[in-house]
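Every read-out reported here was derived from the displayed coordinates using simple, explicitly stated rules and does not represent laboratory data. Just so you know, these numbers come straight off a predicted model, no measurement behind them. Quick reminder, even Gly has a Cβ in these numbers, built from the backbone with ideal geometry, and neighbours come from all protein chains shown.
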Amino acid sequence: MATITASNPQRTNRWLLIGAAVLALVAGILVAVVLANTGGGGGGSTNTKSTTGTSDQFALVAKETIPAGKKITLGMFDRVKVDSTVPEAVSDESVAVGQVPSVEILKGEQLSLSRIGLGSKSDPTLARSIPDGRVAATIPVDQVKSISGLIVAGDHVDLIGTFKEKRGDQDVTRVETVLQNVQILAFTTDTIEPATVKDASGTPVAGSSTASDQRRTDTKPNPSGSTVTLALTPQQVQTISAVEDRGTLSLSLRQLGDSSTHDVVPTYYGEFGAIPPTPVPTR
């Protein structure tokens, strides 16, 4: 008769212990992953890049006092760990570079989005939106000159001057394109709004606003609009002031994206019709 051998109890217990250890190890790994994803990794703070700095408690602190109106450049701030942050605190210097604070930022002060016009309560004044090298100048318009009120802040226009003058014994009207491709900063009280481009994480990209970004698309036609504010060089301001003194100005609206320059010869019109143009110096 064959003898039946019972299974070894010690071997069975050893396999049970190994299985329990493997399960415990897997459970430990899963717990560590969950804690890492929720930021609860045993009390140590994370060091993730944040626009507001509220999750990692880092903020930008001014090295020296920055006057209002001075453009922010790289190196003006130290990124330091703080116990608490101000509302909308900035922890990434690239967000601030290229921006212009409307108020003084004191030495040691935490930088916030509202200080550089990017906060939830953005600076509504026009001065922040004037392009570099330009100034804002306003001219009066009526329903005809404002293209039936269909222009909006951010559009580009040409300025046409009309003058009455003498040519010999004949009264002559001269019409001349005095400026081309000029950006409208405001139509009456509707102003451009710089559109801040954001990256995939929602962080504003410094210096990302362009003329096309600033064009208003949320306004309705305003036939009663009475003024247009333009972005001009100081020299161009003198030009339109002279035209207004000697004649009248009207606007012609450009197609979106059209930045071309045209060689336009002045038109002369007299009592008996058009007169051959007389060459004038190129402006």
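So, R0 is 30 Å and r is the distance between the beta-carbons of Val175 and Lys220; what FRET efficiency does that work out to, to 0.05?
0.45
Which whole-Hz couplings ³J(HN,Hα) result when phi for each residue of region 80-86 is put into the Karplus expression 6.51 cos²θ - 1.76 cosθ + 1.60, θ = phi - 60°, listed in order with x for Gly and Pro?
Per residue, the Karplus-derived 3J(HN,Hα) values read 10, 7, 10, 6, 8, 10, 6 Hz.
Given a Förster distance of 45 angstrom, what is the FRET efficiency for Lys81 paired with Gln238, based on the Cβ-Cβ distance and rounded to 0.05?
The calculated FRET efficiency here is 0.30.
Rounded to the nearest 0.05, what FRET efficiency is calculated for Ala27 and Ala68 with R0 set to 51 Å and r the Cβ-Cβ distance?
According to the calculation, E is roughly 0.30.
Arranged by the count of other C-beta atoms within 10 angstrom, fewest first, what order do Ser252, Ser114 take?
Listed from fewest to most nearby Cβ atoms, that is Ser252, Ser114.
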